[in-house]
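Taking it in order: structure first as structure tokens, then the write-up.
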Amino acid sequence: MDSSPLFIVGSPRSGTTFLCSVLNVHPLIQLTNECRLFALLKHTLEVGAHRPDLLGTSYHERFSGYSRRTLGPWVERFYREELGLTAPIWGDKHPPYADPTLLSGRTGSIGREPHSGSCLRLIRELLPQSRFIHIHRDPRQVANSLLHKHWIGSIEDGIRVWEQYVNEIIEFFDDMPTQQALTVSYRSLIEDPHATASGIGEFLDVADPAPISDFLVSQRHSPTPFSEPVTDIADLYLVPDAPAGDQKLLALAGTAATYLGYAAA
């Protein structure tokens, strides 16, 4: 199997850490948990490189062009040689890779912050062969979880965060070949492990997805503890019969919720 970069994306509290751990049980897959390298590269190329005190103004365009032409192999060497990833499928999981306000920040009102753009297109530009898996979760459950973690000030802000991330991913996936983008629901990962593992295996060209499905089944009985930022394991395995919140919250999530099957069209 050829070298195949893979990136797990989704809004915070949607199961990205869980999916990363699930995939890492397969011998052909090695993903880091929030190395965040592309966030650094985006900041360097789009912010640092435009500071005249760091790089002469006349060199900005040439530095940017050269970096974008050559950084892809450098990125893989860093993962391979420095981080020790030897599996053919390698990459990273980091929800803010899909955050359209990654560089501009989220201080003040979330809805009015300027968008700096996510890392998704930079990843694809530097590593054109990259594949992406978007794991999504009911926006009401995500918002309640974000509020429980004190990461946002209100449940409405949590819905808006979900909507921004998910809309960014949907728009990006619309421009991707189907063989490079897969969308899975958190609920199916928990409740239908065999079919979900089979779909992931087919997407990744993995002949035997049994290690993935076996691990998913085992987790229902004996969950594996996770490190930060996911430490509340009970919340990970909570899939309520009735989604948290009401229809007004779901309406606030916009067309992305309908698109992913959380509301009637």
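The values are calculated or read from the model by the stated rules, or taken from the named source; none is laboratory data. Everything quoted here is computed from the prediction, not taken from an experiment. Every residue, glycine as well, gets a Cβ built from its backbone with ideal geometry; the counts of neighbours run over all protein chains shown.
Of the residues ARG187, ARG121, the single one that is in a helix (DSSP H, G or I), touching a helix residue (DSSP H, G or I) at 6+ places or on another chain (Cβ under 9 Å) and basic (Lys, Arg) is ARG121. For the range 185-215, the set of residues classified as buried (at least 20 other Cβ atoms within 10 Å of the Cβ) and of a type in the set (A, V, I, L, M) consists of LEU189, ALA197, ILE200, LEU204, VAL206, ILE212, listed by residue number.
Listed here are the residues, each with its yes/no results for (1) among the hydroxyl-bearing types (Ser, Thr, Tyr); (2) farther than 22 Å from ARG137 by Cα.
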site: LEU6; (1), (2): no, no
site: CYS20; (1), (2): no, no
site: GLU46; (1), (2): no, yes
site: GLY56; (1), (2): no, yes
site: SER64; (1), (2): yes, yes
site: ARG68; (1), (2): no, yes
site: GLU81; (1), (2): no, yes
site: TRP90; (1), (2): no, yes
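For VAL166, indicate whether it is at pLDDT 95 or above, of a type in the set (Val, Ile, Thr) and either in a helix (DSSP H, G or I) or in contact with a helix residue (DSSP H, G or I) (Cβ under 6 Å, 6 or more places away or on another chain) (or both). Yes; evaluated as a whole, the condition is true for this residue. Selection over the range 55-87 of residues that are among the small types (Gly, Ala, Ser) and in contact with a Pro (Cβ under 9 Å, 6 or more places away or on another chain) gives a count of 2. Confirm whether GLY245 is at positive phi, at pLDDT 85 or above and either of a type in the set (Asp, Glu) or in a loop (DSSP other than H, G, I, E, B) (or both). No, not satisfied. Modelled with pLDDT under 95 and out of contact with any strand residue (DSSP E or B) (no Cβ under 8 Å at 6 or more places or on another chain): does that describe PRO100? Taking the combined requirement at face value, the residue satisfies it.
Here is a check on your reading of the model: is ILE233 at negative phi, out of contact with any Gly (no Cβ under 6 Å at 6 or more places or on another chain) and modelled with pLDDT under 95? Yes; evaluated as a whole, the condition is true for this residue.
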